[in-house]
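Computed from the coordinates by the stated procedures, all read-outs in this text should not be read as laboratory data. Note that the coordinates shown come from a computational prediction; the quantities given were computed from them, not determined experimentally. Cβ atoms come from the backbone with ideal geometry, glycine included; neighbour counts cover every protein chain shown.
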Amino acid sequence: MEFIHEPERIYGTDENGKVVAEITFPQRKPGVFTIEHTIVDGSLQGQGIAGKLVQAAVDDIRSQGGQVRATCSYAVKWLEKHE
């Protein structure tokens, strides 16, 4: 799946254009982005899509010189394992 990158959001769609994977990371303070939601359609679970979304968000945030925070429970656990 190819991800579509937007400011503060990364997502993927199925062949019909339906969003089936998404992560949001708004900038709540200058230079501080908070990963709030990581959503993956049930049909894609178990394929590592959520981890790829978090990694892509972290890469985007750091490429802007930003700091990563998370309130999304999945992202919090992922960051503990990968930071």
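The table below gives the values:
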{"item": "Estimated inter-spin distance, Ser63 and Ile39, nm [label 7 Å along Cα→Cβ]", "result": "2.4"}
{"item": "Residue-averaged 222 nm ellipticity for the chain, from DSSP H runs of 4+ at -39500 (n - 2.57), nearest 500", "result": "-9500 deg cm²/dmol"}
{"item": "Once the Cα gyration tensor of the chain is diagonalised, semi-axes √(5λ) in Å", "result": "21, 14, 10"}
{"item": "Value of relative contact order over the chain, rounded to a whole percent, pairs C-alpha under 8 Å and six or more apart", "result": "24"}
{"item": "0 to 90° range, to nearest 10: angle between helix 49-63 axis and the chain longest Cα axis", "result": "30"}
{"item": "Proximal lysines to Lys18, defined as alpha-carbon separation beneath 26 angstrom and excluding residues fewer than eight positions away on the same chain", "result": "Lys52"}
{"item": "0 to 90° range, to nearest 10: angle between helix 73-82 axis and the chain longest Cα axis", "result": "70"}
